[in-house]
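Right, one structure below, let's go through it.
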Amino acid sequence: MSMLINEFKVLENQLVNDVLYFALGPQYSDHVDRAKDLYEKILKESSYFYDEKNFASWLLWDYKLENGNNFFQEYIKIKGNKLTREEIKIIEEISNTYLSIYENTLADGHRKLIDIFSKKEIIVKEEKEMRSLKDLIIGRIVNYHGENYMLDDYLTLNQRFQNGVEKTFREKFEDYRNKNKFCTIEEFLKDNSILLYSFAHIIEDISKKQMESDVEYNVFQSNYVVLDYKGIYDSLMKAPDIELDYEDRGILYFIMYKKDRERVLSEIVLLKNKLELECISSRDNEDAKRVIERLLNNLIKHVSDEILTMDDIL
C-alpha cells in the first residue's frame, strides 16, 4: 500500500504528538523526572553538550520503562484497542527507527540519502520543498509498506563539517566497541542518539560564531588555575563589561564585552578549579587576557594557551 507523502506526514505528526502527550501525562510524571535525571547524567559522564530541546525525542525513543518498553511501545500497549491497525503499524515502525547523519543526494530523479557512518544508501519519498543538497541531515528514516520516509524530527548541518563529525564518531565507536566487541554501527547509533544531538548543538554554535566573524572558526583559549573561587565570582559579577550568561551543572558561563559593549570579546568559563577564556581571534584573546589578569590579579594563575580547531571542539 503506497501512501502519498503528505498523507504520511499528517499521520506521523498526529501519532508522535499523541505519544508525546501520553508520555507527559500525570501517570508517567515520575518516569519523566527520572528520565531527565538520567539524560543529564549521560550528558555529564560523556562530556556532551546539554540541549533541552532534544530531551523530548530522547524521552520517546530512548528512555526505557521498567517493562523494557519505550514510550511508543507503551502507547500501543495501553491505547492499542483504540487504534486502527494502520496506526499501530506506523507507531511500531517509528519506534524502531534510529538517529543517524545522512548525505543528501539525487539519483535518477529520486532523493537518495547515504548514511555517512554505515554508508547505507536509501531512496526516500520527499516533499517538493525537500532540504538543500548542501546539507547533511540528522534524522530518522522509517520504512512503511516498502516506502522510506524521513521523519519530521530532523536537523540539518552544513556539509563542510562532515569530516570532523566522521572522525569524532569513529573514535567514539571504537571506544564503545572495545567494551562491546560485536556491536554494529547501527546498534551503536541506537544507543548513542545523544552523541549526534551533541554534534548538532556544537556545530550550530560554531556556525553562528563563524557567520558573525566571517572567518574559519577556531577557538583561541587561555587556561587558568582558580586560586580563590569566591573572589573570582564576586569580581566577575561586579565587572561593568562582564555579565553572567548562564549556569549549567555547576559551571558558570560569562560574556566579556569590549568597552562600551560594542561587541563580544570573550566567553569566560568558570569551574571550581579552572577558568577558561575562549575567543575567536588571537587579538581578542590577547585583549581578553589583559582584562582578566588585571581584574583577577592574584586570584588566578595562567597555565597555558591553545588553539582549538573544529575537530578538537567536536
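List of remarks:
- Residue match in the stretch 58-66 (condition: free of Cβ contacts under 8 Å to residues at least 24 places away in the same chain, assigned to a helix (DSSP H, G or I) and within 18 Å of residue 198 (Cα to Cα)): no
- Residue 174 being modelled with pLDDT of 85 or more and either surrounded by fewer than 14 Cβ atoms within 10 Å (Cβ to Cβ) or part of a helix (DSSP H, G or I) (or both): yes
- Checked against (1) in contact with a helix residue (DSSP H, G or I) (Cβ under 7 Å, 6 or more places away or on another chain); (2) more than 24 Å from residue 57 (Cα to Cα); (3) part of a loop (DSSP other than H, G, I, E, B), residue 152 passes all but condition (2).
- Any hit, the stretch 253-273, residues being among the acidic types (Asp, Glu), in a strand (DSSP E or B) and either within 17 Å of residue 299 (Cα to Cα) or at pLDDT below 85 (or both): no
- The combined condition, being in a helix (DSSP H, G or I) and surrounded by 13 or more Cβ atoms within 10 Å (Cβ to Cβ), is fulfilled by residue 90.
- Selected residue (criterion: modelled with the lowest pLDDT) from residues of the stretch 64-87 that are of a type in the set (D, E, K, R) and crowded, with 16+ Cβ neighbours inside 10 Å: 87
- As a summary of the residue check, residue 105 satisfies the conditions (1) modelled with pLDDT under 85; (2) within 14 Å of residue 165 (Cβ to Cβ) except for the one numbered (2).
- Residue check for residue 78: of a type in the set (Val, Ile, Thr), over 21 Å from residue 55 (Cα atoms) and either assigned to a loop (DSSP other than H, G, I, E, B) or touching a strand residue (DSSP E or B) at 6+ places or on another chain (Cβ under 6 Å) (or both): no
- Selected residue [within 29 Å of the chain's Cα centre (by Cα) and either surrounded by fewer than 14 Cβ atoms within 10 Å (Cβ to Cβ) or not assigned by TED's automatic domain parsing to the domain that holds residue 306 (or both)] from 267, 278, 247: 247
- Leading residue by the ranking (surrounded by the most Cβ atoms within 10 Å (Cβ to Cβ)) among those in the stretch 29-45 that are closer than 24 Å to residue 79 by Cα and free of Cβ contacts under 8 Å to residues at least 12 places away in the same chain: 34
- When the stretch 113-136 is limited to residues that are among the aliphatic types (A, V, I, L, M) and touching a helix residue (DSSP H, G or I) at 6+ places or on another chain (Cβ under 9 Å), the one that is modelled with the lowest pLDDT turns out to be 133.
- Residue among 165, 142 that alone is surrounded by 15 or more Cβ atoms within 10 Å (Cβ to Cβ) and over 20 Å from residue 90 (Cβ atoms): 165
- Residue match in the stretch 221-239 (condition: farther than 26 Å from residue 158 by Cβ, in the same structural domain as residue 303 (by TED's automatic domain parsing) and under 22 Å from the mean Cα position of the chain (by Cα)): no
The values are calculated or read from the model by the stated rules, or taken from the named source; none is laboratory data. This one's a predicted model, so the numbers in the text were calculated from it and none came from an experiment. Neighbour counts are summed over all protein chains in view; Cβ atoms, including those assigned to glycine, are modelled from backbone coordinates with ideal geometry.
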